[in-house]
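Asks: Dropping the structure in here first, questions after.
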Amino acid sequence: MTRIGYLVPEFPGQTHAFFWREIQALAHLGVACELLSTRRPKRELIAHSWSQQAIRHTTYIWPLSLAGLAAAIGAILRAGPAGWWRALRSLITAEAQGLPHRLRLLGLLLASAQLVALSRRRGWQHLHVHSCADSANLAMFARSLGGPGYSVTLHGPLRDYGPNQAMKWRCANFGIVITHKLLAEVRATLGAVAPRRIVVAPMGVNTRMFERTVHYEPWRDRGPYRIFSCGRLNPCKGYEDLVSAVALLRSQGVDAKLRIAGADDAVGQYRARLEQMIRSLGIGESVALLGAVSEEIVKQELEAAHVFSLASIEEPLGVATMEAMSMSVPVVVTRQGGVSELVQDGVDGVLVEAKAPQDLARGLEFIARNPELAVRIALSGRQKVVQGFDSETSARAMVHLLRGNASSLAH
């Protein structure tokens, strides 16, 4: 069995169900993943039923323990002059935004030596990194010190992951991107610096878990029109537009009820902003903020919903939308980022413009007023996800790349 390190920043967070699914899929395909993370997430973001199990099986790089420091120093000494030179050259030539960032890279270099020690002790044949930010720098520095080959998955625009992208990608054995749009960006931005092997493999959903236990029933102008949304509470998710759309629907005589699952991320304070907006619109009894919830709760909410909606201002693809489609719930989502690679307007979902509450309200009302079409869209959405967005899709792509690139399986 192939054994790899699997690095996810601040794991397991509220949006990390995809990684847990991929790890399980990789195990079925003969790849054992040893979990690594930069640090533990905030307690309020640890919500999944499997989170405590994941924490027990995850090695956290920060804070660096005395044993970890000793192991890091040992790895640095073992690297010898050739390794020291490679690491120093990487540090000096890395793209950095000022002295503070250069010093941060120096700290990452020390932490990367701990990765080298771990890889040797545990027999990793490769290191996969689900981030192109500092975690990719860790993998890059570790390789310069004699650590394993590594790969990266890009989950959003390169600009979101900080400087030094050229070096991170040039030193990687291969890359995975979640949409064709992101692949085009990588090719245009990095050119020949990008690794030869880059594939598109979308994040996926466990379609066997996210499957209805009862048939979907559309809204038929009786009782509340139940709208569900899910994602971290962050301005980029456009929740203010969604709340405004609900207020518009209610003013037009639709008894719309919105439930939002998700907690504030590192930005913080967004929930208070939403609560103030909800109060000012006088719809406090029609909007519920659920906080971070488990996959099981998400499934329950989807099974009870008439429609799923996400008003993202920026959305690379959207696992929450996939989960809704897998549950045969019609989706009304903005067409930002790579969403159009998942949702075909009018066929397996409804696409609307971002930052346009009235457009969003029209899309939600369209689903409400056309129950037969809502059923057809719901069934088409399920079929789309089963065929192309199952959680095993990315796992199979990674296994193919690992086994097709012998150099990535050697120190």
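All of the numbers you see were taken from the coordinates with simple rules; none came from a lab. Computed from a prediction, not measured in an experiment: that's the story for all the values here. Positions of Cβ are generated from backbone atoms using ideal geometry, with glycine treated the same way; all protein chains shown enter the neighbour counts.
Asks: So which aspartates and glutamates pass the test for Lys299, namely a Cα distance under 17 Å, with those fewer than 8 places away in the same chain ruled out?
Replies: Cross-link targets: Glu211, Glu217, Glu323, Asp390.
Asks: Take each of the peptides 248-255, 142-149, average the number of other beta-carbon atoms within 10 Å over its residues, and list them starting from the highest.
Replies: Numbers: 248-255: 16.0, 142-149: 24.8.
Highest to lowest by the protection proxy: 142-149, 248-255.
Asks: When a/c reaches 1.5 or more, the comparison of a/b and b/c decides; with that in mind, is region 39-113 rounded, prolate or oblate per its Cα gyration tensor? Walk me through the intermediate numbers first.
Replies: On the way: a/c = 3.18, a/b = 1.70, b/c = 1.87.
The shape class here is oblate.
Asks: To continue, here is another question. Could you tell me whether region 227-345 comes out rounded, prolate or oblate from its Cα gyration tensor? Rule is a ≥ b ≥ c as square roots of the eigenvalues, rounded for a/c under 1.5, then prolate if a/b exceeds b/c, otherwise oblate. Before the final figure, lay out each step's value.
Replies: Working: a/c = 1.39, a/b = 1.22, b/c = 1.14.
It comes out rounded by the Cα gyration axes.
Asks: Right, another one. Give me Rg/Rg_expected for the chain, where Rg uses Cα atoms only and Rg_expected = 2.2 N^0.38 Å with N residues. Display every interim value, and only then the final one.
Replies: Working: Rg = 22.4 Å, N = 411, 2.2 N^0.38 = 21.7 Å.
Normalised by 2.2 N^0.38 Å, the Cα Rg of the chain equals 1.04.
Asks: On to the next question. With +1 assigned to the C-beta of every Lys and Arg and -1 to the C-beta of every Asp and Glu, and no other charges, what is the dipole magnitude of region 225-388 about the Cα centre in debye, to the nearest 20?
Replies: Working: 17 positive and 21 negative charges, 51 e Å.
Dipole about the Cα centre, nearest 20: 240 debye.
Asks: Just subtract the alpha-carbon distance of Val386 and Trp84 from 0.36 nm times their residue separation and send over the number in nm, one decimal.
Replies: In short, 103.9 nm is gained.
Asks: Rank-order 16-22, 78-84 by packing density, defined as the average count of other C-beta atoms within 10 Å over each peptide's residues, highest first.
Replies: Working: 16-22: 23.3, 78-84: 13.7.
Packing order, densest peptide first, comes out as 16-22, 78-84.
Asks: Just need log10 I(q)/I(0) for region 1-128 at q = 0.18 Å⁻¹, Debye formula, equal scatterers on the alpha-carbon atoms, no solvent, rounded to two decimals.
Replies: Normalising to I(0) and taking log10 leaves -1.08.
Asks: Right, here's the next one. Would you work out the relative contact order for the chain, in percent, from Cα pairs under 8 angstrom that are 6 or more residues apart? Don't skip to the end; give the middle numbers.
Replies: On the way: 814 pairs, mean separation 71.8, N = 411.
Reported relative contact order: 17 percent.
Asks: For region 121-277, what size does the Cα cloud have along each of its three principal axes, sorted from largest down, in whole Å?
Replies: The principal-axis extents, from largest down, are 64, 36, 35 Å.
Asks: Placing +1 at every Lys and Arg Cβ and -1 at every Asp and Glu Cβ, with all other atoms neutral, what dipole size does the chain have around its Cα centre, in debye to the nearest 20?
Replies: Numbers: 46 positive and 34 negative charges, 323 e Å.
Computed charge dipole of the chain: roughly 1560 debye.
Asks: Helix hunt in the chain: which complete DSSP H runs extend at least 24 Å axially by C-alpha with mean Kyte-Doolittle at least 0.0?
Replies: Numbers: long enough: 66-93 (30 Å, 0.96); 99-122 (35 Å, 0.46); 371-388 (26 Å, 0.09).
Membrane-span-like by this criterion, though nothing is claimed about a membrane: 66-93, 99-122, 371-388.
Asks: Between Glu303, Glu353, Glu392, find the one with the highest GNM mean-square fluctuation for the chain; connect C-alpha pairs within less than 10 Å.
Replies: Maximum fluctuation in the GNM of the chain, among the listed residues, is at Glu353.
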